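The values are calculated or read from the model by the stated rules, or taken from the named source; none is laboratory data. Quantities reported herein were computed from a predicted structural model and do not represent experimental measurements. Cβ placement follows ideal geometry from the backbone for every residue including glycine, while neighbour counts extend to all protein chains displayed.
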Amino acid sequence: MVKWIFDRTLSLVAVVVLLPILLLVGICILIANGAPVLYIQERIGQNAKPFKLIKFRTMRGEEKSPIAASELNRLTRLGKWLRRTKIDELPELLNILKGDMSFVGPRPDVAGYADKLEGDDRRLLAMKPGLTGVASLKYRNEEDLLTAQPNPQEYNDKVIWPDKVRLNILYMERQSLWLDVKVLICTALGKTLKGFE
C-alpha cells in the first residue's frame with residue numbers, strides 16, 4: 001500500500017511539474033521527425049498481463065526487434081539524444097499513474113522474456129515493472145554494450161538477461177521504500193547501487 005501511494009503521488013506530481021518539458025519534447029519530435037510523437041508497444045506487466053507502454057518515438061518506422069541495438073541505424077538524431085538522456089521514457093509516468101507500472105522494479109519486457117520465466121524465477125511476475133530498477137542501473141549503457149557484440153541477440157539472451165533476472169530477484173527479496181528511494185537517487189546521479197553490481 002505504501003508503494004502504491006508513493007508511486008501514484010510521485011507520478012502525479014512529476015507529470016504536473018514536467019508537463020512543459022513533455023510538451024516541448026513532443027513539439028520537437030513533431031517538427032524534426034513528424035507524427036506520431038509517442039511510441040506505444042505491448043509489454044508484459046504484473047502477473048504476465050500485457051499492457052501498453054508509452055514512450056517518446058525515437059526511430060524512423062516501427063521498432064520490431066526486442067534488442068534495440070539491432071535497430072540503432074534507424075534512430076533519428078533527436079532520438080539518439082532522447083535515449084542517451086532517458087528522456088524518451090518520461091511518458092511512462094502515465095503508465096505509473098495508471099497503475100501499470102511502478103517507479104522501481106524490473107523493466108517491462110516484450111513477450112518472450114519475463115512471461116517465459118520458469119521455476120523460482122517466475123515469482124518476478126508478481127511485481128509491477130518499473131521505470132527504473134537495480135538491473136537498469138547496472139545496464140544503463142546496454143545499447144552500447146550490445147552494439148559491441150558480434151551477436152547482440154545471443155549476448156542479451158545468454159549474458160544480460162539472466163543477470164537482470166538475478167538482480168531483480170535480489171531486489172525483490174530486499175524490497176523496501178528506502179531501497180526504492182536509493183534506486184531513484186542512483187538513477188538521477190547515473191550510478192550503480194552498492195550490493196547490486
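Below are the figures for this structure:
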item	result
Test for L193: is it farther than 22 Å from G45 by Cα, crowded, with 16+ Cβ neighbours inside 10 Å, of a type in the set (A, V, I, L, M) and touching a Leu at 6+ places or on another chain (Cβ under 7 Å)	yes
Residue pairs meeting the criteria (Cβ under 9 Å; at least 6 apart or on separate chains; first within 27 Å of V181 (Cα to Cα), in the stretch 137-154; second of a type in the set (D, E) and in a helix (DSSP H, G or I))	K138/D163; Y139/D163
Helices (runs of 4 or more DSSP H) contained in the stretch 118-159 and holding at least 2 residues closer than 22 Å to I96 by Cβ and in contact with a Leu (Cβ under 6 Å, 6 or more places away or on another chain)	134-138
Flag for R123 being of a type in the set (K, R), at pLDDT 90 or above and farther than 18 Å from S11 by Cβ	yes
Count of the stretch 156-188 residues which are within 16 Å of Y139 (Cβ to Cβ), aliphatic (A, V, I, L, M) and under 17 Å from the mean Cα position of the chain (by Cα)	5
